[in-house]
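The values are calculated or read from the model by the stated rules, or taken from the named source; none is laboratory data. Predicted model, so just to flag it, every value in this text is computed and none were measured. For neighbour counting, all protein chains shown are included, and Cβ atoms are generated from backbone atoms with ideal geometry for every residue, glycine included.
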């Protein structure tokens, strides 16, 4: 019975203004109910949801701000590290130059020291040679004197006779006697 009533209603409804095809009244009623329900839900649960959404938005803003600050800090540290690297590069170059200068100075000092040592050794060798020459001359003089004395003795022995020998002894005795008085 109901389907027939709706069927007859439907045939009459085709001619009614609120059931005009494309502009059916039930769509507007459905929209009004949906809007009323949404308003009710919004008034009932809207504040907690809006507060939650607001809190979520603020949290996101805080996170974004913190991320910006961290990014700025990271960029500052990066700039600082790059500055340190550049400074280190210049320090390395400076140290290399200083090492070259020190090595050159050390070479020069060693050269001067070596030349001074060579001069000292030459002087010492010259003195030793002079000393050895003096010693050799002294030995030669002693040898010559000894040879001269030997030759003189031999010459005197050949040329001395007994009466010359007695006369020399007598003279020596007289000299000893004078010195004893």
For the range 64-75, indicate whether the set of residues that are part of a helix (DSSP H, G or I) and exposed (fewer than 10 other Cβ atoms within 10 Å of the Cβ) is non-empty. no
Quick check on residue 90: is it at pLDDT 90 or above, part of a helix (DSSP H, G or I) and under 60 Å from the mean Cα position of the chain (by Cα)? no
